[in-house]
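Below: one structure, written as structure tokens.
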Amino acid sequence: MKSFSYKRARAIFLKEFKHIFRDPFTLMMALLLPLAIVLILGNSMEFNIKSISMAYLDHDKTQSSRKLVETFASSDYFKPYTVESPAAGEADIRREKARMFLFIPPDFEKEIMAGRKGKVQILLDGADNSTISAVMNYLNTINMNAIYKIKDIPVSKDSLLDFRYRYLYNPELNSQWFSIPGIAAVIIALVAMMLTTLTICREWETGSMEMLLSTPATALEIMIGKLFPYAFLSFGGFIVVFFCAQIIFGVPFVGSYFNIILGTLLFIIGYLATGMFISVVSRKQEVAVQYAATIGLLPLSLLSGFIFPIEYMPDIYQWIASVFPARFYMELSRDQFLKGSSFTDLWFLFFVLGMQALVWIAACVLKFKRSIE
Amino acid sequence: MSTMVDVRHLFVRFGDFTAVRDVSFTVEKGEIFGFLGANGAGKTTTIRVLCGLLLASEGRVFIDNEELIAGHESLIKSKVGYMSQHFTLYDDLSIRENMDFAASLRHMNHAEYLKNRRDLLDFIGFNEDLTKVVRDLPTGIKQEIALCVSLLHQPKIVFLDEPTAGVAPVARHRFWELIKKLVAQGKTIFVTTHYMDEAENCGRIALMRSGELIALDSPANLKQNTFHKQLYHLSPITTPVILPDRNLFDIWEPYGQNYHAVFKNDTDISIVRKHFNIQKISPSLEDVFIQLVEGQTR
């Protein structure tokens, strides 16, 4: 027997092509997935983050201070708005209404005219590492442009303004403090989705679903009965991740246990229901895993805010990201670990996570009912 | 006898495909009713409708004089027991856990459940530890316990969809002894099987082909009505086998290495005798099945 037969290899080659062209999912994976990733990455990896919301308080109220604010406004990068007090500026950062707060002290112009460096204070949201490096780059450019506008002299290193930075919630800009709560969200979502992705398929494949359906058990009872054990299991996973974050990585937790537990439970239920929906739709375990990997992982990694900030993406990606609970939980998790906003500050996130969980469960039940009818 | 199942002009369609077409029959109380057909003939689809798992596209179904109406299947589900083609019990649960689960799904009173469980396990002669995990049980025992599970809520009729598929012959025989005992206790059994020897145990048999009911009668009548002429068993005596002219036969079917045949004219037997030993035989249910279900589709 020959060690390599062209005819045999060709026969296998042709057979494999037939499999590929008769399996729409493989075709989709091969052709549409790269397209989707390129589109998402292309738009989300926008390093020129623009329209960064900036609160400011001008206590100097001089031509120079106005020119400084004007420099921020005339760049496309910042969207300044004034606030009443430093506390209001800080509160806006906590609520994520502003990403930074610029405070111009009363003697700003006097200092510059005396040939000294004009000092301003800039508070930055240290809980958002994904935008902070871009913001810092812009601030250097702004500094040069501002001093040129104010003094109308060629810019030198000595003539620059003195920007005093303070990073709120993460004073040393520790990247783990930012990434670990995000990783926690991704892990919990992945585990939750994988747990339920197979559960309905398995019952169909073994035939046990028929036995279940021959009893008076309803679609809703089956769905709820299947979902909640995995919710407890996933919550156990969350507790492990939560303590790992604090003990091993030293990430502080300044939020409320009630907020994080409630948010996590809603988030887990949302993702369990997403996994179950995939299970109901696909009916076969191997197909379900492929769907979960594609439908689940892609939005989780690229459209959750884990790597790229959602708020600076084009609207269409923001809408797609809003379908999945990860986007909102990511915000909640980072907030509770580093900022500790109150329930009333975060009510909208809880509301959205709750609604998403309900919608996914309803979709599961309806799809399941239709599939058995 | 009164009627337990009454199916009237049943149609089941999946899009453009009609899986069950204008099927009507009745099953009497205390009967073993066999439902036979080739794969894809519509047997399982019909059973699913009768168990309330699937909605009929057209037609009416009555179980124990109660009409099966969309949205009110639970009424019917309390009257029927179902043992599916593929699944018997959850392998990773113990016998007791499987039975507890089935009882809970049907909201059974605990005392009633315990009594029924004991009675059913006695019925199948099972005295072993109920904490045994199902995966460790022999297939035959698994089937018997699955039968008990389907009977826990004391249904009036039990639907058994190929209950002995993959089960060893001795265990199959034992299983059918249990079915007969159940019928003696007044239960109605609706069974599908691919084993023709098992089908001989049925009081009546319905034969399905391509979604249609093509015959319904007792095994004896089916044999008599299908074969109007003498059936012969032909064993080849020459090697290689010299096949006779097929025009000599009304029926010519391979049967292992032999053949079952009906001659057009018995006078032609002498022509074939040169190459075959020929014996007169009574038709089996398998002959009927091949003739009615498979023969006509060839």
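The values are calculated or read from the model by the stated rules, or taken from the named source; none is laboratory data. The structure presented is a predicted model; accordingly, all values stated were derived computationally and were not measured. Cβ: placed from backbone, ideal geometry, glycine included. Neighbour counts: every protein chain shown.
Tabulated values for the structure
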| read-out | value |
| --- | --- |
| Scan of segment A:203-212 for residues that are part of a helix (DSSP H, G or I) and not β-branched (V, I, T), ordered by number | A:E203, A:W204, A:E205, A:S208, A:M209, A:E210, A:M211, A:L212 |
| Breaking point among (1) part of a helix (DSSP H, G or I); (2) of a type in the set (V, I, T); (3) over 29 Å from A:F343 (Cα atoms), for A:T215 | (1) |
| Some residue of segment B:88-107 being away from chain A (no Cβ under 14 Å), assigned to a loop (DSSP other than H, G, I, E, B), out of contact with any Lys or Arg (no Cβ under 8 Å at 6 or more places or on another chain) and not basic (K, R) | no |
| Qualifying residues in segment A:181-211 (those that are within 14 Å of another protein chain (Cβ to nearest Cβ) and of a type in the set (S, T, Y)) - the one farthest from A:Q285 (Cα to Cα) | A:S208 |
| Criterion (among the aliphatic types (A, V, I, L, M), assigned by TED's automatic domain parsing to the domain that holds A:F253 and farther than 19 Å from A:L220 by Cβ) met by exactly one of A:L272, A:L298 | A:L298 |
| Boolean, B:S94 is in the same structural domain as B:H153 (by TED's automatic domain parsing), in contact with a helix residue (DSSP H, G or I) (Cβ under 8 Å, 6 or more places away or on another chain), of a type in the set (S, T, Y) and surrounded by 22 or more Cβ atoms within 10 Å (Cβ to Cβ) | no |
| Selected residue [more than 14 Å from every other protein chain (Cβ to nearest Cβ), modelled with pLDDT of 90 or more and closer than 23 Å to B:F14 by Cβ] from B:E58, B:E112 | B:E58 |
| Number of positions in segment A:169-183 that are within 18 Å of A:L303 (Cα to Cα) and touching a Phe, Trp or Tyr at 6+ places or on another chain (Cβ under 7 Å) | 3 |
| Residue that is within 30 Å of B:T45 (Cα to Cα), in a helix (DSSP H, G or I) and at pLDDT 85 or above, where the choices are A:I187, A:I200, A:I183 | A:I200 |
| Sole exception among (1) at pLDDT 90 or above; (2) within 13 Å of chain A (Cβ to nearest Cβ) for B:P163, by number | (1) |
| Any chance B:Y113 is of a type in the set (F, W, Y), in contact (Cβ under 8 Å) with a residue 12 or more places away in the chain and in contact with a Ser or Thr (Cβ under 6 Å, 6 or more places away or on another chain) | no |
| Criterion violated by A:D335 - all others in (1) surrounded by fewer than 19 Cβ atoms within 10 Å (Cβ to Cβ); (2) more than 8 Å from the chain's Cα centre (by Cα); (3) not small (G, A, S) satisfied | (1) |
| A:A189 vs. criteria in contact with a Lys or Arg (Cβ under 9 Å, 6 or more places away or on another chain) and buried (at least 17 other Cβ atoms within 10 Å of the Cβ) | no |
| Residue selected from segment A:344-360 under the condition closer than 15 Å to A:V323 by Cβ and β-branched (V, I, T), by the criterion nearest to the other protein chains (Cβ to nearest Cβ) | A:V359 |
| Residue match in segment A:85-105 (condition: touching a helix residue (DSSP H, G or I) at 6+ places or on another chain (Cβ under 8 Å), aromatic (F, W, Y) and in contact (Cβ under 8 Å) with a residue 24 or more places away in the chain) | yes |
| Of all residues in segment A:111-140 being among the hydrophobic types (A, V, I, L, M, F, W, C) and assigned to a loop (DSSP other than H, G, I, E, B), the one that is surrounded by the fewest Cβ atoms within 10 Å (Cβ to Cβ) | A:A114 |
| Complete set of residues in segment B:181-228 that are assigned to a helix (DSSP H, G or I), within 14 Å of the chain's Cα centre (by Cα) and not small (G, A, S) | B:M196, B:D197, B:E198, B:P219 |
| Unmet criterion (only one of (1) part of a helix (DSSP H, G or I); (2) more than 15 Å from A:R334 (Cβ to Cβ); (3) away from every other protein chain (no Cβ under 14 Å)) for A:L220 | (3) |
| Residue tally, condition of a type outside the set (G, A, S), assigned to a helix (DSSP H, G or I) and surrounded by fewer than 23 Cβ atoms within 10 Å (Cβ to Cβ), over segment A:268-298 | 11 |
| Subset tally (residues that are touching a residue at least 24 places away in the same chain (Cβ under 8 Å) and more than 8 Å from every other protein chain (Cβ to nearest Cβ)) for segment B:61-80 | 7 |
